[in-house]
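K.L.:
Would you mind keeping the following structure in view while I ask a few things?
The values are calculated or read from the model by the stated rules, or taken from the named source; none is laboratory data. Fair warning: this is a prediction, and the values are worked out from it, not measured in the lab. Cβ sites come from the backbone with ideal geometry, for glycine too, and all protein chains shown count toward neighbours. Ligands, DNA and RNA are stripped out before the accessible areas are found, and what is left, the full protein with its side chains, is counted by its heavy atoms. Shrake-Rupley method; radii C 1.70, N 1.55, O 1.52, S 1.80 Å.
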Amino acid sequence: MTFAPIALFVYARPAHTRLTIEALLRNPEAEFSDLIIFSDAARSPDKLADVEEVRFYLKSIVGFRSVTIHHRPYNFGLAKSIIEGVTEVLSLHEHIIVLEDDLVTSPYFLKYMNEALEKYVDDDRVASIHGYVYPVKQTLPEAFFLRGADCWGWATWRRGWRLFNPNGQWLIDELKKQALINEFNFNGAYSFSNMLEGQIKGDYDSWAVRWYASAFLANKLNLYPGRSLVHNIGIDGSGTHCSQSNSHDSVLSSTAIDLRSIQVISSGIGSKAFKTFLRNSHGGFMLKIRHFLVRIKQKVIL
């Protein structure tokens with residue numbers, strides 16, 4: 001098995017960053033993995049100390065095959081940092097695993113990611129791999145596919161990232177032209193199209209909704225685990241204007257995901273479970289979106 005490089009994007013939360021790294025190191029595959037860290041610069045003077053504390057900690061990280069740290073010379077913001085960082089890594093490598101500084105992973109996360117990247121490397125139907133799954137009430141398949149892409153602990157190949165289109169206006173126009181808005185919004189469970197239109201208007205700058213729309217329009221699939229391998233510790237009130245919520249807390253899987261016998265088709269069971277969850281936890285989902293937007297330090301009207 002080949003081991004994909006891990007791109008980790010950090011900013012100004014030292015405690016979260018430390019927990020993210022410590023969880024990764026509990027993956028046996030960590031010692032064979034190259035860790036590439038992109039550390040964003042402070043956006044405002046009040047964040048200088050936190051950024052420096054994060055950067056001081058980064059110098060102490062060991063346990064990976066290699067650790068490379070890129071200090072941003074100025075504040076890129078999350079969207080620019082991720083888009084440019086992923087593009088840079090994939091200019092040198094064929095595949096990538098992407099994490100942010102508030103994603104705690106299961107000890108089986110890297111096994112799942114690397115196995116899936118290897119299994120579907122030549123399958124053009126698959127654009128990306130995802131490690132988080134909503135805490136739905138329904139029993140999910142061991143692993144399953146849905147159309148599009150996602151953003152809480154994910155992986156892709158160079159061929160997959162080529163699909164990414166940063167032009168939000170083009171994306172929304174195509175969704176409307178092809179009459180895909182309702183499907184894009186999980187049949188009205190959540191208006192991702194409104195989020196995309198907000199990005200176009202400049203209310204905020206979301207890379208994730210553009211990644212989802214890009215893969216969705218290309219009719220590509222994203223693999224989800226049936227049990228979550230990622231827990232987001234960032235929706236804890238630590239971000240400005242971000243309330244605390246546990247609506248998206250998933251229990252980390254204590255067993256590996258078996259990728260044998262997974263049908264490469266969009267899962268009706270998975271889709272129905274996601275739609276039900278999004279409809280029933282609309283407030284919690286809005287907190288997820290608010291958390292994401294706050295972290296890129298852009299004002300958003302919800």
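K.L.:
When you look at Phe56, is it among the aromatic types (Phe, Trp, Tyr) and either in contact with a His (Cβ under 6 Å, 6 or more places away or on another chain) or open to solvent by less than 70 Å² (accessible area, probe 1.4 Å) (or both), yes or no?
P.N.:
Spelling it out, it is not the case that Phe56 is among the aromatic types (Phe, Trp, Tyr) and either in contact with a His (Cβ under 6 Å, 6 or more places away or on another chain) or open to solvent by less than 70 Å² (accessible area, probe 1.4 Å) (or both).
K.L.:
Note down all Cβ pairs under 8 Å where the first residue falls in segment 208-230 and is farther than 8 Å from Val133 by Cβ, the second is of a type in the set (Lys, Arg) and not in a strand (DSSP E or B), and they're at least six residues apart or on different chains.
P.N.:
Between residues of segment 208-230 that are farther than 8 Å from Val133 by Cβ and residues that are of a type in the set (Lys, Arg) and not in a strand (DSSP E or B), the close pairs are Lys220/Arg125; Leu221/Arg125.
K.L.:
Report whether or not Thr156 is over 24 Å from Tyr204 (Cα atoms), open to solvent by 30 Å² or more (accessible area, probe 1.4 Å) and of a type in the set (S, T, N, Q).
P.N.:
Judged against the criteria, Thr156 is not a match.
K.L.:
If you go through segment 178-205 one residue at a time, how many are over 13 Å from Arg279 (Cα atoms) and either small (Gly, Ala, Ser) or in contact (Cβ under 8 Å) with a residue 60 or more places away in the chain (or both)?
P.N.:
Of the residues in segment 178-205, 8 are over 13 Å from Arg279 (Cα atoms) and either small (Gly, Ala, Ser) or in contact (Cβ under 8 Å) with a residue 60 or more places away in the chain (or both).
K.L.:
Moving on. Just name the residue that is least open to solvent (accessible area, probe 1.4 Å) out of those in segment 1-20 that are within 17 Å of Pro107 (Cβ to Cβ) and out of contact with any helix residue (DSSP H, G or I) (no Cβ under 8 Å at 6 or more places or on another chain).
P.N.:
Filtering first and then ranking leaves Thr20.
Yes/no per residue for (1) more than 23 Å from Val209 (Cβ to Cβ); (2) free of Cβ contacts under 8 Å to residues at least 24 places away in the same chain:
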residue: Phe3; (1), (2): yes, no
residue: Ser39; (1), (2): yes, no
residue: Glu53; (1), (2): yes, no
residue: Ser60; (1), (2): yes, yes
residue: Glu84; (1), (2): no, yes
residue: Asp102; (1), (2): no, no
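K.L.:
Given the criteria more than 30 Å from Gly202 (Cα to Cα) and among the hydroxyl-bearing types (Ser, Thr, Tyr), does Ser60 qualify?
P.N.:
yes
K.L.:
Within segment 116-129, is even one residue of a type in the set (S, T, N, Q), at pLDDT 95 or above, open to solvent by less than 10 Å² (accessible area, probe 1.4 Å) and over 18 Å from Ala256 (Cα atoms)?
P.N.:
For segment 116-129, residues of a type in the set (S, T, N, Q), at pLDDT 95 or above, open to solvent by less than 10 Å² (accessible area, probe 1.4 Å) and over 18 Å from Ala256 (Cα atoms): present.
K.L.:
Which of the residues that make up segment 167-178 are under 18 Å from Gly198 (Cα atoms) and loosely packed, with under 15 Cβ neighbours inside 10 Å?
P.N.:
Asn167, Gln169, Asp173, Lys176
K.L.:
Further question: Within segment 133-148, work out how many residues are in a loop (DSSP other than H, G, I, E, B) and surrounded by fewer than 23 Cβ atoms within 10 Å (Cβ to Cβ). Steps first, answer last, please.
P.N.:
In the first step, residues of segment 133-148 are kept if they are in a loop (DSSP other than H, G, I, E, B); the result is 133-142, 148.
From what is left, the residues that are surrounded by fewer than 23 Cβ atoms within 10 Å (Cβ to Cβ) are 134-142.
Selection size over segment 133-148: 9.
K.L.:
Consider Lys111 against the criteria (1) modelled with pLDDT under 95; (2) within 22 Å of Ala30 (Cα to Cα); (3) not aromatic (Phe, Trp, Tyr): it satisfies all of them except one. Which criterion is unmet?
P.N.:
(1)
K.L.:
Taking only segment 222-252 into account, find how many residues are modelled with pLDDT under 95, among the hydroxyl-bearing types (Ser, Thr, Tyr) and within 18 Å of the chain's Cα centre (by Cα).
P.N.:
Total satisfying the criteria: 2.
K.L.:
Here's something else I'd like to know. Need the failing condition index for Val264 against (1) open to solvent by 10 Å² or more (accessible area, probe 1.4 Å); (2) at pLDDT below 95; (3) assigned to a loop (DSSP other than H, G, I, E, B), just the number.
P.N.:
Tallying (1) open to solvent by 10 Å² or more (accessible area, probe 1.4 Å); (2) at pLDDT below 95; (3) assigned to a loop (DSSP other than H, G, I, E, B), Val264 fails exactly one: (2).
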